[in-house]
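Q: Next up is a structure, given as structure tokens.
The values are calculated or read from the model by the stated rules, or taken from the named source; none is laboratory data. These numbers were taken from a predicted model, which means no experiment stands behind them. Methodologically, a virtual Cβ is constructed for each residue, glycine included, from the backbone with ideal geometry; neighbour enumeration extends over all protein chains shown.
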Amino acid sequence: MIAKRVFLIVLDSFGIGELPDAALFSDEGSNTLGSIVKSSQYDTPNMKKLGLFNIDGVSCGEKEAYTLGSYGRMGEKSMGKDTTIGHWEIAGLISEKPLPTYPNGFPEEVLNEFRKRTGRNILCNKPYSGTDVIRDYGQQHVETGDLIVYTSADSVFQIAAHEDIVPLEDLYKYCTIAREILQGEHGVGRVIARPFVGEYPNFKRTAHRHDYSLIPPKKTMLNYLEQSGLETIGVGKIYDIFAGKGIQKTVSIVSNTDGMNKTLQIMDEEFNGLCFVNLVDFDMIYGHRNDIDGYAKAATEFDKQLGLFMEKMRDDDILIITADHGCDPGTPSTDHSREYTPMLAYGKKIKENTSIGTKDTFADIGATILDIFNIQGDIGGKSFLKEILK
């Protein structure tokens with residue numbers, strides 16, 4: 001066993017440039033990092049020291065003469081560009097088929113079953129921005145009690161409801177019903193509860209979002225870690241993304257900053273295994289809203305907390321930072337983008353000033369983590385541990 005603890009931090013949507021097949025996803029020219037570094041709000045000296053701007057293909061920013069860690073560029077093999085597919089691939093599960101999407105809304109066969117089992121009618125049923133949909137349908141929902149059902153470019157079935165009209169317990173029950181219906185041909189990646197509060201026209205989404213993910217069809221690195229007696233801690237929506245499979249402890253967060261604060265607290269705990277962190281604000285609050293300055297400011301804030309994290313690391317800790325897809329706030333699209341992601345590795349046992357080049361799949365990260373703990377697992381990807389280990 002190379003390390004006692006591995007911290008895997010996913011900067012949700014922190015892409016670093018288009019993949020060769022970006023045109024298949026209408027994402028030519030996407031570069032999330034390239035967009036945010038142009039902002040005056042962007043300053044990430046710690047990620048720079050780890051090698052962010054030294055990664056293959058990264059032409060923005062200033063390269064570091066000697067990096068403190070190992071770095072590389074991760075390609076995506078799965079046919080998708082969403083959170084579920086991306087995280088599953090990081091954990092070693094490559095999805096050869098894309099999850100279903102619904103650019104024209106969900107079919108009546110799905111909606112009729114949903115109406116029948118919930119006893120409620122629905123509004124909208126089309127792709128929509130989460131903030132726009134409550135602006136446009138929120139008052140009608142308040143007056144009728146009908147549920148706002150909508151989707152996006154991702155494989156999601158989202159249900160928005162006012163907390164005073166539909167109690168959270170009921171909204172979550174309706175999401176569970178939708179999850180039971182949406183299997184097989186209509187097995188979307190996530191059913192998402194999107195509660196909101198307030199009065200028209202000032203409706204506001206709350207932090208009580210909850211994701212109901214499709215169960216991973218195969219074992220992931222998390223299952224193999226758990227079976228080997230190691231601890232698995234999920235911070236943020238990791239538990240939801242994997243439908244709880246292979247996650248022994250979950251820690252809820254309300255923001256990126258809160259997520260890193262909770263992770264810093266976990267560093268004080270004695271555990272042997274993996275702490276898997278998702279920081280969703282990059283994607284949810286800034287990427288999807290094309291807020292370049294907000295995204296840049298969030299990266300700057302993360303980098304400050306990263307500095308604290310690095311100072312606090314123990315000799316037998318390993319840190320890996322990556323992403324699950326892109327969401328370029330500088331393009332007209334407000335959807336995810338098909339991009340390479342970064343891999344930054346750091347710790348006393350990790351080589352400095354070392355590039356691993358470009359890897360074919362995010363799954364190499366999962367394979368490397370199993371290798372760190374000397375565990376055999378039937379997952380995709382190849383370990384790059386020998387390339388980064390001192």
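Q: Looking at THR368, THR358, THR322, can you tell me which residue is under 25 Å from THR220 (Cβ atoms) and surrounded by fewer than 16 Cβ atoms within 10 Å (Cβ to Cβ)?
A: Step by step, each of THR368, THR358, THR322 is checked, and only THR358 is under 25 Å from THR220 (Cβ atoms) and surrounded by fewer than 16 Cβ atoms within 10 Å (Cβ to Cβ).
Q: Go through the range 181-203 and give me each residue that's charged (D, E, K, R) and touching a residue at least 60 places away in the same chain (Cβ under 8 Å).
A: Matches in the range 181-203: GLU185, ARG190, ARG194.
Q: Another question, if that's okay. Does any residue in the range 374-390 that is farther than 16 Å from LEU274 by Cβ and of a type in the set (Phe, Trp, Tyr) come within less than 7 Å, Cβ to Cβ, of a residue that is buried (at least 16 other Cβ atoms within 10 Å of the Cβ) and modelled with pLDDT of 95 or more six or more places away or on a different chain, and which pairs are these?
A: PHE384/ILE356; PHE384/LYS359; PHE384/ASP364; PHE384/THR368
Q: Also: So how many residues does the range 206-248 have that are buried (at least 22 other Cβ atoms within 10 Å of the Cβ), among the β-branched types (Val, Ile, Thr) and modelled with pLDDT under 95?
A: 1
Q: It is to be established whether one or more residues within the range 264-271 are crowded, with 23+ Cβ neighbours inside 10 Å, touching a strand residue (DSSP E or B) at 6+ places or on another chain (Cβ under 7 Å) and not assigned by TED's automatic domain parsing to the domain that holds ASP132.
A: Within the range 264-271 (the criterion being crowded, with 23+ Cβ neighbours inside 10 Å, touching a strand residue (DSSP E or B) at 6+ places or on another chain (Cβ under 7 Å) and not assigned by TED's automatic domain parsing to the domain that holds ASP132), the answer is no, since none of the residues qualifies.
Q: May I ask you to verify whether GLY138 is at pLDDT 95 or above, part of a loop (DSSP other than H, G, I, E, B) and buried (at least 19 other Cβ atoms within 10 Å of the Cβ)? If you could, list the steps in order and put the result at the bottom.
A: On the way: at pLDDT 95 or above: yes; part of a loop (DSSP other than H, G, I, E, B): no; buried (at least 19 other Cβ atoms within 10 Å of the Cβ): yes.
Considered against the rule, which asks whether it is at pLDDT 95 or above, part of a loop (DSSP other than H, G, I, E, B) and buried (at least 19 other Cβ atoms within 10 Å of the Cβ), GLY138 comes out as no.
Q: Here are some conditions: (1) surrounded by 18 or more Cβ atoms within 10 Å (Cβ to Cβ); (2) closer than 20 Å to GLY69 by Cα; (3) of a type outside the set (A, V, I, L, M). HIS336 meets all but one. Which one does it not meet?
A: Here HIS336 meets the rest and fails (2).
Q: Can you name the residue in the range 62-120 that is basic (Lys, Arg) and out of contact with any strand residue (DSSP E or B) (no Cβ under 6 Å at 6 or more places or on another chain) and, of all such residues, is surrounded by the most Cβ atoms within 10 Å (Cβ to Cβ)? Give the steps one after another, and end with the answer.
A: So in the range 62-120, the residues basic (Lys, Arg) come out as 63, 73, 77, 81, 97, 115-117, 120.
Checking which are out of contact with any strand residue (DSSP E or B) (no Cβ under 6 Å at 6 or more places or on another chain) leaves us with 63, 77, 81, 97, 115-117.
Details: LYS63: 13, LYS77: 17, LYS81: 27, LYS97: 8, ARG115: 16, LYS116: 10, ARG117: 14.
Step by step, filter the range 62-120, then rank; the result is LYS81.
Yes/no per residue for (1) in contact (Cβ under 8 Å) with a residue 60 or more places away in the chain; (2) in a strand (DSSP E or B); (3) in contact with a Phe, Trp or Tyr (Cβ under 7 Å, 6 or more places away or on another chain):
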position	(1), (2), (3)
ALA161	no, yes, no
ILE165	no, no, no
TYR172	no, no, no
CYS175	no, no, yes
ARG179	no, no, yes
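Q: Among (1) over 27 Å from THR341 (Cα atoms); (2) assigned to a loop (DSSP other than H, G, I, E, B), there is one condition ARG115 misses while meeting the rest; what is its number?
A: Unmet for ARG115, out of (1) over 27 Å from THR341 (Cα atoms); (2) assigned to a loop (DSSP other than H, G, I, E, B): (2).
Q: Quick one: is ILE233 aliphatic (A, V, I, L, M), in a loop (DSSP other than H, G, I, E, B) and assigned by TED's automatic domain parsing to the domain that holds SER78?
A: Criteria not met by ILE233.
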